[in-house]
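Undergrad: Sending over a structure as structure tokens; questions will come in a sec.
Each reported figure results from applying straightforward, stated rules to the coordinates on display, with no laboratory input. Fair warning: this is a prediction, and the values are worked out from it, not measured in the lab. Cβ atoms come from the backbone with ideal geometry, glycine included; neighbour counts cover every protein chain shown.
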Amino acid sequence: MNAPQTIDIDRVVDAQKIGRFITINLVVWLFLAAATDGYDLFVLGYAAPELVHVWHLNRAALGPVFAASSVGMLFGAPFFGYLGDKIGRKTAMIVSMLCYGLLTLATVLVGNLEQLTILRFVTGLFLAGIYPNALALQAEYAPNKVRATMVILVCVGLNLGSSWPGLVSAYMLPHFGWGVLFFVGGLAPMLIATCMIWTIPESVKYLVTQPQRRAELAKLLQRLSPGLTVAPNVTYVGTPNDTAPASSPRKLFEGKLGPITGLFWFMVVANVMTIFFLNNWMPTLFVAEGVAPKSAALATALFNLGGVVGALILALLLDRIGLIALSLLFVIACPAIALIGAFGIPVQLLILTIFVSGLCAHALQAGIPSISAVIYPTNIRSKGVGWVAAIGRLGAIAGPLIGGVLVGWHWPLRAFFVAPVVPMALGAVAAYVLMRLAAERFRGRRDESSDGSVPLGVVAQPHA
């Protein structure tokens, strides 16, 4: 009598060949989903200069409305991370995208700052469902040897999407008004989510827990490993599910993960605070300094486009020099950001500083959660990434609010852009300490895949 078949999900995923299933069905669609997320995160900053004029606002009053969606995301990120573990990453993402798309479309109808603040808060609750689940889904389907790279490619979508409001603002806002920014931002995620219903798979690790969907799981495994025959009485093995309460980050602080989690949280707050500080206030302050609105929008878009290049560079650096790359990006960002406020410098140098600032900051925004998606064990991966995203919202809330306070205090432009250098410098120190701790945690650990290589993305030291 033949023994019952046993399939190790992790080994099937790690042994697959990179092909159409990964590069098209997952990377492309998750890239687009992340791009809609990036668009909505910063769209308000591009609408703000016209809102100041149309609604006769004091610029300092924009701080709370800039922060409103981030407050919503602070609550939404852990919930949707949990929801992804319970109903599936794909389902959680699609629900999130359809809901926040409708809410973003509704933003066109608001008539005052109070309505806009409330709607942005509610939008943020649903906006939080994309990033942690997209990263977790990609991490669960990517082979271990290229996992960090694949996850970062999805993060590039977030950075690219962050620049799109600048292009819409520069070329469409003068003809259609500020509402066109939210019309585009609401329609895009609804269309992409509808396509994703048929184009991307559900998480294999989630399907293992759903006996009624075993036929779907068998088909997915056969796509990952052509030629694999799945018997009716198959037993699946893999990493057990996390049983800690959904709202509890307790598992993230067990053993040596504790200080690593603390450093992840500190770095993401410092970096996200800087990104939201700059992205939300640059268009408004540049216009106030006499820069044409179109030029101000394109300059801020350049900040976000720099992140696309930065994320791709980081994907290469992590494989070659390890986690020291994070610390280097923090260090390089400091002088570049400080120079943005130096309007007396040549235009070419100003453009370069804006681009380099975005390259470093947005590469870090992609790299920090991507590395966490690799370092955290599979059973708490979605929770770990979800909490990194949630804690990052503290920085997203603080950045615009601090900017509003500095604008209210009438800080000169040069001093305004020196302020975010402080958290970035502290982030560089935290990244270096993380490198040392990760080196200790993973020293001597070998990949569980068949080739026995060291896991990509968790190599904390340069290759020997």
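Undergrad: Can you pull the Kirkwood radius for the chain, inverse mean 1/r over Cα pairs, to one decimal in Å?
TA: Evaluated over the chain, this radius sits at 22.4 Å.
Undergrad: Where does each of 195-206, 345-356 land if you order them by average Cβ count within 10 Å, highest first? Don't skip to the answer; put the middle values down first.
TA: Numbers: 195-206: 17.9, 345-356: 15.0.
Top of the packing list down: 195-206, 345-356.
Undergrad: Among 127-139, 62-74, how do they line up from the highest to the lowest mean number of other beta-carbon atoms within 10 Å?
TA: So the peptides 127-139, 62-74, ranked by packing, come out 127-139, 62-74.
Undergrad: What ranking, highest mean first, results for peptides 301-310, 358-367 when packing means the other Cβ atoms within 10 Å averaged over each residue?
TA: Details: 301-310: 24.3, 358-367: 28.8.
By packing density, highest mean first, the sequence is 358-367, 301-310.
Undergrad: Would you pull out the residues with amide H under 5 Å of ASP8's amide H, same chain only if 5 or more places away, H placed 1.01 Å from N?
TA: Answer set, sorted by chain and number: VAL237.
Undergrad: I want to check the label-to-label distance for ASN233 and TRP411. Put each point 7 Å from Cα in the C-beta direction and report it in nm to one decimal.
TA: Computed distance between label sites ASN233 and TRP411 equals 6.9 nm.
Undergrad: Quick one: check the C-alpha center-to-center distance for the range 48-98 versus the range 313-380, whole angstrom.
TA: First find each Cα centre; the distance between them is then 24 Å.
Undergrad: Here's another thing I want to ask about it. So for the chain, taking the charge dipole from beta-carbon charges (+1 Lys/Arg, -1 Asp/Glu), which of PHE75, GLY386, THR117 sits furthest toward the positive end?
TA: GLY386
Undergrad: Expected output is a single nm value to one decimal: the length gained when fully extending between HIS56 and THR194, i.e. 0.36 nm times separation in residues minus the C-alpha distance. What is it?
TA: Roughly 45.8 nm would be gained on extension.
Undergrad: Still on this structure, I have one more. Which of the residue pairs LYS90/LYS145; LYS17/LYS90; LYS294/LYS383 have a Cα-Cα distance greater than 30 Å in the structure shown?
TA: LYS294/LYS383
Undergrad: Placing +1 on the Cβ of each Lys and Arg and -1 on the Cβ of each Asp and Glu in the chain, which of ALA142, VAL269, VAL356 has its Cα farthest towards the positive end of the resulting dipole?
TA: The residue sitting most towards the positive pole is ALA142.
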